[in-house]
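The values are calculated or read from the model by the stated rules, or taken from the named source; none is laboratory data. Just so we're clear, the structure is a prediction, and the values are computed from it rather than from any experiment. Note that each Cβ is placed from the backbone with ideal geometry, even for glycine, and that neighbours are counted across all protein chains shown.
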Amino acid sequence: MIVLIISLIAMCMVMPAVAVELEETYLGKVTKADQATGALDVKISAKWDGKQFAPVDPMTVSGTSTFDLLFDNIKQSDEVVGTLMGGEKWIAVGLVGSKQSTQKQLLWMAGDPNAMVSPFVGNYRVLYNATPDCDSCKGSVCYARSVDVTVTTIGYNSNGKEYTVAEVGTQTMRPADRWNTEKKDNQQYLEILFIKGEAPPASACPESEMIVGPQAVSEFFIKSVNVASVVPTTTPAPAVTTPPRPWK
């Protein structure tokens, strides 16, 4: 018993501590989007309860965001799904494209896809795992050296539980990388831009300091594209040397 207690204490001493901040996901309409201050206000009509968006009394939820591409694309009265971390920071915001679906499928999203409950139009789900740069760790997070992004199509059973229908693919991406998931015979695909990311040190960085802090958050911009809406072009696209701002 004494040996077990000593072992547990030793594990706690070497494991980085993470103070997980509460994440809540809402459905509502944008009432304010101010890029200068980073303020985003949403008048919510529903809250995600783990299975679906449950109606709530209308109220305005205020938060901030540092995602430039969010403000480049959002406008007042847009219906959005947004995840708020710690009651103050929007870490994932997506524009609702399919209003009739229970899950509110998205046309695009800015922020962290791991924090987004709604799929994209076409029932696409995007998730990722981040690899930390152990030389950049500060507090409870490190910069992400790269991310392994996985795209699947999903369905829902009679109880509303999500399941995977098909694997679309997995891509390793570094900051400023883009991935176009277009496949033959698919009418819908995703354009994925990985802007920058964070990763927990975990076991990959055993010498990281044990400092309490929030969970890691990464920044993407992901857009659902309908094949029929793409205009063919024969002009080569210019080379990208800096993180692009391609979508409006």
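Restricting attention to the stretch 84-109, the residues that are over 12 Å from Val217 (Cα atoms) and in contact with a helix residue (DSSP H, G or I) (Cβ under 8 Å, 6 or more places away or on another chain) total 3. Restricting the stretch 140-195 to residues that are within 30 Å of Pro206 (Cβ to Cβ) and aromatic (Phe, Trp, Tyr), which is surrounded by the most Cβ atoms within 10 Å (Cβ to Cβ)? The extreme case among them is Phe194. Scanning the stretch 61-77 for residues that are among the acidic types (Asp, Glu) and either surrounded by fewer than 16 Cβ atoms within 10 Å (Cβ to Cβ) or at pLDDT below 95 (or both) turns up just one, Asp72.
Counting only strands (runs of 3 or more DSSP E) that fall entirely inside the stretch 18-83 and contain at least 2 residues that are without any contact (Cβ under 8 Å) to a residue 60 or more places away in the chain, of a type in the set (D, E, K, R) and over 28 Å from Asn159 (Cβ atoms), the qualifying elements are 23-34, 39-48.
In a strand (DSSP E or B) and in contact with a helix residue (DSSP H, G or I) (Cβ under 8 Å, 6 or more places away or on another chain) - does that describe any residue in the stretch 155-165?
no
Taking the residues in the stretch 86-136 that are part of a strand (DSSP E or B) and of a type in the set (Gly, Ala, Ser) as candidates, determine which candidate is surrounded by the most Cβ atoms within 10 Å (Cβ to Cβ). Taking the candidates together, the pick is Ala110. Is the stretch 29-38 home to any residue that is surrounded by 11 or more Cβ atoms within 10 Å (Cβ to Cβ) and at pLDDT below 95? Checked the stretch 29-38: no residue is surrounded by 11 or more Cβ atoms within 10 Å (Cβ to Cβ) and at pLDDT below 95.
Among what's in the stretch 72-86 and is out of contact with any Gly (no Cβ under 8 Å at 6 or more places or on another chain) and not hydroxyl-bearing (Ser, Thr, Tyr), pick the residue that is farthest from Gln35 (Cα to Cα).
If we take residues in the stretch 72-86 being out of contact with any Gly (no Cβ under 8 Å at 6 or more places or on another chain) and not hydroxyl-bearing (Ser, Thr, Tyr), then Gly86 is farthest from Gln35 (Cα to Cα).
Beta carbons closer than 7 Å, at least 6 apart along the sequence or on distinct chains, pair a first residue in the stretch 94-105 that is under 26 Å from Asp68 (Cβ atoms) with a second that is of a type in the set (S, T, N, Q) and part of a loop (DSSP other than H, G, I, E, B) for Gly94/Ser118; Lys104/Ser118; Gln105/Ser118.
Residue-level check: of (1) closer than 19 Å to Met109 by Cβ; (2) in contact with a Lys or Arg (Cβ under 9 Å, 6 or more places away or on another chain), Pro132 misses just (1).
Entry remark, the stretch 145-162: residues being under 18 Å from Gly122 (Cα atoms) and of a type in the set (Ser, Thr, Tyr) number 4 in total. Per the conditions (1) of a type outside the set (S, T, N, Q); (2) in contact with a strand residue (DSSP E or B) (Cβ under 6 Å, 6 or more places away or on another chain); (3) modelled with pLDDT under 95; (4) under 22 Å from Gln188 (Cβ atoms), the sole criterion not satisfied by Ala110 is (3).
Contact map, the stretch 210-229: first residue of a type in the set (Asp, Glu) and at pLDDT 80 or above, second residue in a strand (DSSP E or B) and surrounded by fewer than 21 Cβ atoms within 10 Å (Cβ to Cβ), Cβ cut-off under 7 Å, separation 6 or more or different chains; pairs are Glu219/Ile195; Glu219/Lys196.
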